[in-house]
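Participant: Below you will find the structure I want to go over with you.
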């Protein structure tokens with residue numbers, strides 16, 4: 001079973017791909033889809049659409065886990081929500097089942113506390129995936145944590 005974890009954003013969409021075989025977790029890939037802030041918003045959204053399609057076609061995940069949008073007042077709120085909409089549309093078009101998790105759910109599932117620090121989450125990701133290094137940038141580590149939360153939801157430890 002393969003899972004893609006996604007941390008939505010307009011400037012950077014974090015992604016992390018993990019696989020489980022015989023109850024063993026395996027890190028496959030992580031990174032970010034980065035868009036150019038000098039481009040029009042619609043072009044940036046289209047870039048997310050294209051790059052996510054390519055990523056999914058390459059890794060062929062069985063499930064997706066996406067961070068729920070945590071509402072706050074910011075000049076970027078609408079842009080992030082629109083990017084998340086594009087992400088959800090791509091996943092639906094590929095017939096990939098999606099689980100959504102709030103940031104506090106991810107922290108609780110991965111680090112044992114809904115108020116865990118970024119450092120604690122990264123350390124938990126490294127431990128769970130037997131990594132010798134911290135995934136960079138942080139958006140990709142967050143995406144891996146989101147994917148691991150999906151595994152925990154399904155009872156695969």
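Here, each number is a calculation from the coordinates, and none is a lab measurement. The model shown is predicted, which means the values in this text are computed figures rather than measured ones. When we count neighbours, we look across all protein chains shown, and the Cβ atoms used for this are built from the backbone with ideal geometry, even at glycine.
Participant: What's the percent breakdown of Cα-Cα distances in the chain across 5 Å bins, shortest bin first?
Facilitator: Percent of pairs per bin, in order: 2, 10, 20, 23, 21, 14, 7, 2, 0, 0.
Participant: Let me have the 222 nm mean residue ellipticity of the chain computed from DSSP H runs of 4+ only, each contributing -39500 (n - 2.57), with the sum over all residues rounded to the nearest 500.
Facilitator: -15000 deg cm²/dmol
Participant: Calculate, for residue 132 and residue 104, the FRET efficiency according to 1/(1 + (r/R0)^6) with r their C-beta to C-beta distance and R0 25 Å; round to the nearest 0.05.
Facilitator: 0.30
Participant: What is the calculated FRET efficiency for residue 152 to residue 58, with r their C-beta to C-beta distance and R₀ = 25 Å, to the nearest 0.05?
Facilitator: Result of the calculation: an efficiency of 0.50.
Participant: Quick one: Cα centre-to-centre distance for the stretch 81-117 and the stretch 1-60, in angstrom?
Facilitator: 12
Participant: Here is a follow-up. Extension gain residue 69-residue 21, at 0.36 nm per residue separation less the Cα-Cα distance, in nm?
Facilitator: Full-extension gain reported as 14.2 nm.
Participant: Could you work out the relative contact order of the stretch 2-152, using alpha carbon pairs under 8 angstrom and six or more residues apart, expressed as a whole percent?
Facilitator: Computed over the stretch 2-152, the figure is 33 percent.
Participant: Using a Gaussian network model of the chain whose springs link C-alpha atoms within less than 10 Å, name the residue from 99, 140, 117 with the highest mean-square fluctuation.
Facilitator: Among 99, 140, 117, the largest GNM mean-square fluctuation belongs to 117.
Participant: Indicate, rounded to the nearest 5 percent, the antiparallel portion of the DSSP beta bridges found entirely in the chain.
Facilitator: Roughly 65 percent of the beta bridges in the chain run antiparallel, per DSSP.
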